[in-house]
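Only one structure is covered here, and it is reproduced in the block below.
The values are calculated or read from the model by the stated rules, or taken from the named source; none is laboratory data. This is a predicted model, so every value here is computed, not measured. Here the Cβ is made from the backbone with ideal geometry for all residues, glycine too, and neighbour counts use every protein chain on show.
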Amino acid sequence: MGVYLDCRIMDDRQKQADSRVDMETSVSDHYAALTERMEKFGGDLLACHFGLWGPDTTTDREGLQRANQALVQGCDLDPGKHVLDAGCGVGGTAIALAETYGVRVTGLTICEPHVAVAAQHAEERGVGHLVEFRYGDFMDLPFPDASLDAVLNHESFCYAEDKLAYLQGVYRVLKPGGRWQALEGLLSGAPMSEEQQVLHATAQRGWRMPPLEPWRDVFLALEKSGFEGITAQDLSSEAARSTERISKGWLMLTLLNPQIAKMNRASKEFMEASISYDQGLQEGVFTYHFISGTKPAR
């Protein structure tokens, strides 16, 4: 993996040295082009995110299920609660929450084609009555004040252009005692070499996201937004097993299957981002955190 990445870094350095993201296609168009891949990623879990590997985890599926469980730890979910999955993709997390906890879930996505795709999967899984998918931008949450029990970001918080403004919006729509929780790739705060800055730029381009935030800055933004009981848990070691498996699997596929060259541009860039994130995580400049905060109860 290191040889492949060194060559790619040398090839891309001139194009990416300024760390700007290639935004020739919008986030929505980029992920619309990734729809088929997202539906296949994670199998029946529709889980287009990294898994978390604990001491008893033996399969990728178990890792993905463990991540779903980690995302809602402490939320005390049960039937009657209303949860927002902000940046829901093709519906995997929302569907899993409805199946597991019987909660009502609204999935919000900026990629309009994913609304129908996710809704179809929910119906096929028998939770269409519990799950609703809506098209919209989570920077302008289309919900009344104090109407939600929990707002979740499963590797989607990174898309908030203004993290403080987003969290203030979340605070508005949460009921007193409601929780915001996220599993997210972030910066560790360690200085980045030139090569590591290229990794960051590649991740930005392939995932169509703004620069990653240092995890401590997210902690401070939660405080400024009024949240209490703020917690941050470093899960980098648990996510690293998943990122490494994805990277090695992709590199092996490119060696064994020449047809991979026919993959669309969005898919190639997405996988390049995953490989770059894996290397940055292994080198300690990226991190993977669970972060949560609670709106004070009245």
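Is it the case, given these coordinates, that ARG216 is basic (Lys, Arg), closer than 21 Å to MET192 by Cβ and touching a helix residue (DSSP H, G or I) at 6+ places or on another chain (Cβ under 7 Å)? Here the answer is no, as ARG216 does not meet what is asked.
Reported count of residues in the range 179-201, each being over 16 Å from the mean Cα position of the chain (by Cα), crowded, with 17+ Cβ neighbours inside 10 Å and under 24 Å from HIS49 (Cα atoms), is 7.
Condition first: of a type in the set (Gly, Ala, Ser), modelled with pLDDT under 95 and touching a His at 6+ places or on another chain (Cβ under 9 Å). Can you find one or more residues in the range 185-204 that meet it? Checked against the condition, which is being of a type in the set (Gly, Ala, Ser), modelled with pLDDT under 95 and touching a His at 6+ places or on another chain (Cβ under 9 Å), the range 185-204 yields no hits at all.
Count of the range 181-199 residues, restricted to those that are outside any strand (DSSP E or B), in contact with a Gly (Cβ under 9 Å, 6 or more places away or on another chain) and closer than 25 Å to LEU152 by Cβ, is 1. Taking the residues in the range 35-93 that are under 17 Å from ALA150 (Cα atoms) and touching a Lys or Arg at 6+ places or on another chain (Cβ under 6 Å) as candidates, determine which candidate is surrounded by the fewest Cβ atoms within 10 Å (Cβ to Cβ). Residue satisfying both the conditions and the ranking: HIS82.
Note on the range 220-238: residues that are under 22 Å from LEU52 (Cβ atoms) and either of a type in the set (D, E, K, R) or at pLDDT below 95 (or both) total 2. Taking residues in the range 31-47 that are farther than 14 Å from TRP207 by Cβ, and partners anywhere that are assigned to a loop (DSSP other than H, G, I, E, B) and aliphatic (A, V, I, L, M), the pairs with Cβ atoms closer than 6 Å and at least 6 places apart or on different chains are GLU39/VAL90; LEU46/VAL90.
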